[in-house]
Amino acid sequence: MRKMLTIISNVLRGSASRNGAELVSEGARVVVSARTYADFTPQATFDIKKCDLHKLEEGPPLQAMLSREEGLQYYRTMQTMRRMELKADQLYKQKIIRGFCHLYDGQEACAVGIEAGINLSDHLITAYRAHAYTLTRGGTVREIMAELTGRRGGIAKGKGGSMHMYTKNFYGGNGIVGAQVPLGAGVALACKYLGKNELCVCLYGDGAANQGQIFETYNMASLWKLPCIFICENNKYGMGTSVERAAASTDYYKRGDFIPGLRVDGMDILCVREATKFAAEHCRSGKGPILMELQTYRYHGHSMSDPGVSYRTREEIQEVRSKSDPISMLKDRMLSNNMASVEELKEIDVEVRKEIEDAAQFATTDPEPPLDDLCNHIFYNNPPMEVRGTNPWTKLKSVS
Amino acid sequence: MTVTVRDALNQAMDEELERDERVFLLGEEVAQYDGAYKVSRGLWKKYGDKRIIDTPITEMGFAGIAVGAAMAGLRPICEFMTFNFSMQAIDQVINSAAKTYYMSAGLQSVPIVFRGPNGASAGVAAQHSQCFAAWYGHCPGLKVVSPWSAEDARGLLKSAIRDDNPVVFLENELMYGVPFEMSEEVQSKDFLIPIGKAKIERQGNHITLVSHSRMVSLCLDAAAVLAKEGIECEVINMRTIRPLDAEAIETSIMKTNHLVTVEGGWPQFGIGAEILAWIMEGPAFNYLDAPAVRVTGVDIPMPYAKILEDNSIPQIKDIIFSVKKTLNV
């Protein structure tokens, strides 16, 4: 029986394509679903790419352990992110989401890998490509989508939109390129000041990496040994400008100069996780800041108003999708090491799709914010005050 | 023929680039991307790397570089993708560009144009929706221009580029795609609109509406509705914020005896506040039959949700309401 099961599952794995479309005969399906969890490998060790190092004697380990539970959880989270972003694309094209919408699909391994290397009690800040981080930092798909559609059930009550989502220990969602970096170091300063052994992960892109305020921040974070992990998500393009046209040095992991740096394969979630763990250890041991460059890729254009093909080729995008997709990579690893079954992962896909559909349903039916919320949230801990409307006879009310 | 505001800006820049070799454009995505809002479409293809320069996302740096180039004899057009990002560079605009001619007692001029979209757009939330007219209008040494129509865009941009002083040129994203009739005279290569002169877009006897940029459209729409009720509004398009054409406003008030200003920006210390102060201090005060009044954006950061955003900026009904209250009808 066991031998037959093994043969059948090998056949099934062999016929499973990278994108998960497979043909399963009725008979085989019935037999295979009798497999128990005891048949799966509970844990495996994987070789991961060596990181390029700057001002570091040693780097993260060259192998990573992955348990079945972890693998399934990473898979589910990345798939949730992927589906959520694609749903946002759809809703934007239907004009149900307006304004700016910067999608993260392709970069999932970064957000999930980073969170896997830190604790929820640590802090994180990023720029405007922030939906995925809102999720990893405790937001639900429902409240993220309802924020995108500008409804009262949105994570910022509909007042912030795509670029301005916040959760506990997650400081957004920031619209001004580079401005979040000094903010992140400030959060790190508070961490050190309050002595709770927490750190701040401070993200920015390759476009922002040339901003002056980032170099000012490097200097102060280093001088004051702030527990700050600077992370550059290098997706090769700052809006429509390729890295070569924007940066005199594209070795972003070295741009911190006196700050030690790592260049990491941002498409491999295990690489990202191990590097983050390594960086977190560096910070928590009081050595000061550290810089990580994650080499990653975005499938969409810069935002929904950028088709994303005037400055790069469709072939390039397709090549990354077929050879380096973060979700496919994890899936292949798990399947080829017998850590999960194709059906199991498919079931997760189905559950994820349902979750996204439910969230989209909520996001499109929840009512818009009430008008009497218009002037609230100007000041914190403040007595109620009057706010001038569009004309002198319209006096509106503001409560904290 | 009809021309959109975007095309008017594009043609104006094209003609000025051709006319004077010292003119060049720099900013984010202005060259190979054809401009974030396509205002500079085709210019890089025509003029190349030397005249149309893509910068990294480093406003303080490239604004400073632009000012330096202007000091040394070039005539840069420095584009801010939106004026919200000009805050990153505002020191260079004020301290390096605006004040230098004064500080050098006339030795060092700074012939630069800072241009880009200003004010509210649609659904871009708080950090991307601020109006900077009042902030820049506050500073001596700067000229601040705010075109409304395609004709304004064309004539004022040409004047700005030919002006030997720093000019802040506030465009409006929602106006870029709006087409306007353009006469042949306006299409001529040397058509210029003088900076510092307002235009009366609609004559009227009962009340003066003063506005700039996109709000001029709303004033004209409100005026059309009010005309049906027998109220004739005179709509003044400021065209320039600084220097303020107070004379045009005063002359109008001396005829209509009533004033309502309309702006998209916040009320406190804003454009309307300044106009009302001028009127208080000047000869037109005695001609007012009722207190002058401002219609402005709501005094809050811009919310994202559509219903909230719509209620954060002046609507036509707000203008109509304020006119009727002022006229006591």
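Here are the numbers:
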item: Residues satisfying the stated conditions in segment B:225-255, i.e. more than 29 Å from B:Phe132 (Cα to Cα) and either out of contact with any Gly (no Cβ under 7 Å at 6 or more places or on another chain) or hydrophobic (A, V, I, L, M, F, W, C) (or both); result: B:Val225, B:Leu226, B:Ala227, B:Lys228, B:Glu229, B:Gly230, B:Ile231, B:Met254, B:Lys255
item: Number of positions in segment A:77-91 that are under 15 Å from the mean Cα position of the chain (by Cα), more than 13 Å from A:Ala111 (Cα to Cα) and surrounded by fewer than 22 Cβ atoms within 10 Å (Cβ to Cβ); result: 2
item: All positions within segment A:246-262 that are closer than 13 Å to A:Asp206 by Cβ, more than 14 Å from every other protein chain (Cβ to nearest Cβ) and surrounded by 18 or more Cβ atoms within 10 Å (Cβ to Cβ); result: A:Tyr253
item: Check on B:Ala120, within 13 Å of the chain's Cα centre (by Cα) and within 14 Å of another protein chain (Cβ to nearest Cβ); result: yes
item: Which listed residue, of A:Arg273, A:Arg284, is of a type in the set (Lys, Arg) and open to solvent by less than 50 Å² (accessible area, probe 1.4 Å); result: A:Arg273
item: Within segment B:43-78, tally of residues that are open to solvent by 40 Å² or more (accessible area, probe 1.4 Å), closer than 20 Å to A:Thr241 by Cβ, aliphatic (A, V, I, L, M) and in contact with a strand residue (DSSP E or B) (Cβ under 9 Å, 6 or more places away or on another chain); result: 2
item: Close pairs from segment B:287-300: first more than 9 Å from chain A (Cβ to nearest Cβ), partner hydrophobic (A, V, I, L, M, F, W, C), Cβ under 7 Å, at least 6 apart; result: B:Tyr287/B:Ile253; B:Tyr287/B:Met254; B:Leu288/B:Ile253; B:Leu288/B:Leu259; B:Ala292/B:Leu259; B:Ala292/B:Leu276; B:Ala292/B:Ile279
item: Unique match (being at pLDDT 95 or above and closer than 23 Å to A:Val112 by Cβ) among A:Met239, A:Met292; result: A:Met292
item: Single match in A:Gly301, A:Gly288 (criterion: closer than 30 Å to A:Lys331 by Cα and either assigned by the TED database to the domain that holds A:Leu183 or part of a strand (DSSP E or B) (or both)); result: A:Gly301
item: Residue within segment A:121-134 that is assigned by the TED database to the domain that holds A:Met267, over 23 Å from A:Asp268 (Cβ atoms) and more than 13 Å from the chain's Cα centre (by Cα) present; result: yes
item: Only listed residue being touching a residue at least 40 places away in the same chain (Cβ under 8 Å) and more than 14 Å from chain B (Cβ to nearest Cβ), chosen from A:Ser322, A:Ser310, A:Ser303; result: A:Ser322
item: Qualifying residues in segment A:140-155 (those that are more than 15 Å from B:Ile307 (Cβ to Cβ) and open to solvent by less than 10 Å² (accessible area, probe 1.4 Å)) - the one nearest to the other protein chains (Cβ to nearest Cβ); result: A:Leu148
item: One residue from B:Ile320, B:Ile313, B:Ile279, B:Ile271 being in contact with an Asp or Glu (Cβ under 6 Å, 6 or more places away or on another chain) and assigned by the TED database to the domain that holds B:Ala224; result: B:Ile271
item: Single residue of segment B:80-110 satisfying the filter (open to solvent by less than 10 Å² (accessible area, probe 1.4 Å) and out of contact with any helix residue (DSSP H, G or I) (no Cβ under 7 Å at 6 or more places or on another chain)) that is farthest from B:Ser159 (Cα to Cα); result: B:Phe83
item: Breaking point among (1) crowded, with 24+ Cβ neighbours inside 10 Å; (2) more than 25 Å from B:Arg154 (Cβ to Cβ), for B:Phe285; result: (1)
item: Any hit, segment B:193-205, residues being within 23 Å of B:Pro243 (Cβ to Cβ), open to solvent by less than 10 Å² (accessible area, probe 1.4 Å) and of a type in the set (Asp, Glu); result: no
item: Selection count where residues are closer than 16 Å to A:Leu91 by Cβ and either modelled with pLDDT under 95 or under 14 Å from the mean Cα position of the chain (by Cα) (or both), scope segment A:135-157; result: 2
item: Of the criteria (1) surrounded by 20 or more Cβ atoms within 10 Å (Cβ to Cβ); (2) of a type in the set (S, T, N, Q); (3) closer than 25 Å to A:Arg263 by Cβ, which one A:Gln63 fails; result: (1)
item: Residue check for B:Val293: more than 20 Å from B:Glu250 (Cα to Cα) and at pLDDT 95 or above; result: no
item: Looking only at segment A:205-245, and only at residues there that are in a strand (DSSP E or B) and more than 10 Å from chain B (Cβ to nearest Cβ), the one that is farthest from A:Leu291 (Cα to Cα); result: A:Tyr237
item: Count of residues meeting criterion [at the interface with another protein chain (Cβ under 7 Å from one of its Cβ atoms) and crowded, with 23+ Cβ neighbours inside 10 Å] in segment B:301-311; result: 4
item: Selection count where residues are surrounded by fewer than 23 Cβ atoms within 10 Å (Cβ to Cβ) and more than 10 Å from every other protein chain (Cβ to nearest Cβ), scope segment A:156-169; result: 4
item: Qualifying residue in segment B:111-123 (condition: assigned to a loop (DSSP other than H, G, I, E, B) and open to solvent by 30 Å² or more (accessible area, probe 1.4 Å)); result: yes
item: Residue in segment A:99-111 that is farthest from the other protein chains (Cβ to nearest Cβ), counting only those that are open to solvent by less than 10 Å² (accessible area, probe 1.4 Å) and hydrophobic (A, V, I, L, M, F, W, C); result: A:Ala109
item: Qualifying residue in segment A:194-210 (condition: buried (at least 22 other Cβ atoms within 10 Å of the Cβ), free of Cβ contacts under 8 Å to residues at least 40 places away in the same chain and within 23 Å of B:Ile53 (Cα to Cα)); result: yes
item: Positions within segment B:1-37 being open to solvent by 30 Å² or more (accessible area, probe 1.4 Å) and free of Cβ contacts under 8 Å to residues at least 60 places away in the same chain, in sequence order; result: B:Asp14, B:Glu18, B:Glu21, B:Arg22, B:Gln32, B:Asp34
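Residues are listed down the side, and each one gets a yes or a no for (1) among the hydroxyl-bearing types (Ser, Thr, Tyr); (2) over 23 Å from B:Asn311 (Cα atoms); (3) in contact with a helix residue (DSSP H, G or I) (Cβ under 6 Å, 6 or more places away or on another chain):
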| position | (1), (2), (3) |
| --- | --- |
| B:Ser121 | yes, no, yes |
| B:Ala150 | no, yes, yes |
| B:Phe169 | no, yes, yes |
| B:Glu185 | no, yes, no |
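The values are calculated or read from the model by the stated rules, or taken from the named source; none is laboratory data. Bear in mind that the values here come from a model prediction, so they are computed numbers and not experimental data. Positions of Cβ are generated from backbone atoms using ideal geometry, with glycine treated the same way; all protein chains shown enter the neighbour counts. In case anyone asks, the SASA skips ligands and DNA or RNA and just uses the protein heavy atoms, side chains included. Shrake-Rupley method; radii C 1.70, N 1.55, O 1.52, S 1.80 Å.
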